[in-house]
Amino acid sequence: MTNSLKALGRYRPYGWLATVGVILPSANTVMEPELARLSPAGVTWHGARTPVRGVPSQDSLNAMAAGTEAAAEDLASAEVDLVLYGCTSGSFMTDGERLVQRLQEIAGVPATTTAACVLAALRALGAGKVALATPYRQFITDGEVAWLKAEGFEVTSALGLDMGATEAERRAINRIPPEVCYRLGREADRPDADVLFLSCTAMASLTVVQALERDLGKPVVTSNLASAWWALQLLGIKVPLMLGTRLTGSPSN
């Protein structure tokens with residue numbers, strides 16, 4: 001191989017800082033645009049999908065987790081630097097640690113999940129008490145409360161929209177207006193909560209984060225915000241996100 005070709009082997013026209021492979025539920029049309037909006041120049045996100053069918057159930061969540069293996073094989077061929085399973089409920093309602101191990105084995109690079117990213121963000125912000133807002137069916141919101149408590153957080157409130165009684169309603173989560181996310185967050189918040197967490201990578205809440213932080217006087221974490229931030233931390237990238245929020249810099253612990 002000539003010296004010029006050896007140099008080109010290290011060339012990336014866009015992802016010269018890092019490329020992240022994102023495995024997301026097939027119906028999710030929100031996560032990729034929000035990750036792109038958050039990204040500093042030189043970081044790119046490359047999607048692969050895992051099938052989501054029918055109404056939310058433990059079986060459907062398990063099926064999505066199983067589908068990540070084929071997606072990871074595809075992402076390996078794209079030579080990504082990190083694999084992210086971009087489904088919040090799909091990673092706290094299943095065995096996230098085992099899932100990460102399998103993704104790393106298949107893709108040959110580090111892996112993480114949105115649930116792990118959320119935990120890292122909450123801990124970096126020093127949160128002890130969390131107000132939770134979700135679009136999920138009640139059994140998933142209840143599962144998220146149990147998961148957060150098991151991870152050492154006090155959940156001051158949990159407000160879910162209980163969406164997903166039909167497959168069409170599940171897909172409609174992608175079309176929840178940001179203004180609804182703002183009002184949902186205001187309603188879920190409690191004065192003693194350290195952080196408001198808007199959960200779900202398919203809920204377009206990013207554009208109201210700054211307004212909520214201003215009006216509530218506290219940090220606001222969304223699934224996509226946490227995913228982008230922690231992915232950059234794992235990759236050792238110190239460039240801040242392209243959105244002025246309280247989630248910035250390196251973790252405190």
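Among CYS181, CYS87, rank each residue by its count of other Cβ atoms within 10 Å, from fewest to most, as a rough exposure measure. Result, fewest neighbours first: CYS181, CYS87. One quarter of the convex hull surface built on the alpha carbon atoms of the stretch 193-253 amounts to 4.4 nm², the projected area averaged over directions. Grouping the Cα pair distances of the chain into 5 Å bins from zero gives a pair-distance distribution of 1, 6, 14, 19, 20, 17, 12, 6, 2, 1, 1, 0, 0 percent in increasing distance order. Here the dipole of the chain is about 600 debye; that uses its Cα centre as origin and unit charges on the Cβ of Lys and Arg (positive) and Asp and Glu (negative).
Tally Lys and Arg at +1 and Asp and Glu at -1 over the other residues with C-beta under 11 Å from the C-beta of HIS46: what net charge comes out?
Working: positive: none; negative: GLU32, ASP74, GLU79, ASP81.
Overall, the nearby charge balance is -4.
Based on other C-beta atoms within 10 Å, arrange PHE92, PHE139, PHE153, PHE197 from fewest to most.
Details: PHE92 24, PHE139 15, PHE153 21, PHE197 29.
Fewest-to-most Cβ neighbours within 10 Å comes out as PHE139, PHE153, PHE92, PHE197.
In terms of surrounding Cβ atoms within a 10 Å radius of their Cβ, THR207, THR248, THR94 rank from fewest to most as THR248, THR207, THR94.
Ordering 166-175, 230-239 by mean Cβ neighbour count within 10 Å, with the highest value first, yields 230-239, 166-175. Once Rg and the Kirkwood radius are both taken over the C-alpha atoms of the stretch 85-144, their ratio Rg/Rh works out to 1.02. Overall dimensions of the stretch 145-188, expressed as equivalent-ellipsoid semi-axes from the Cα gyration tensor (√(5λ), whole Å, largest first), are 24, 15, 8. Compactness ratio for the stretch 117-222: Cα radius of gyration over 2.2 N^0.38 Å (N = residue count) comes to 1.00.
On the beta carbon distance between ARG12 and ALA66, with R0 = 35 Å, the FRET formula returns roughly 0.65. The share of C-alpha pairs in the stretch 54-98 whose separation exceeds 17 Å stands at 35 percent.
Values quoted throughout were computed directly from the atomic coordinates according to the rules given, and no laboratory measurement underlies them. Computed from a predicted model, the values in this text were never measured in an experiment. In this analysis, Cβ positions are derived from the backbone assuming ideal geometry, glycine residues included, and neighbour counts consider all displayed protein chains.
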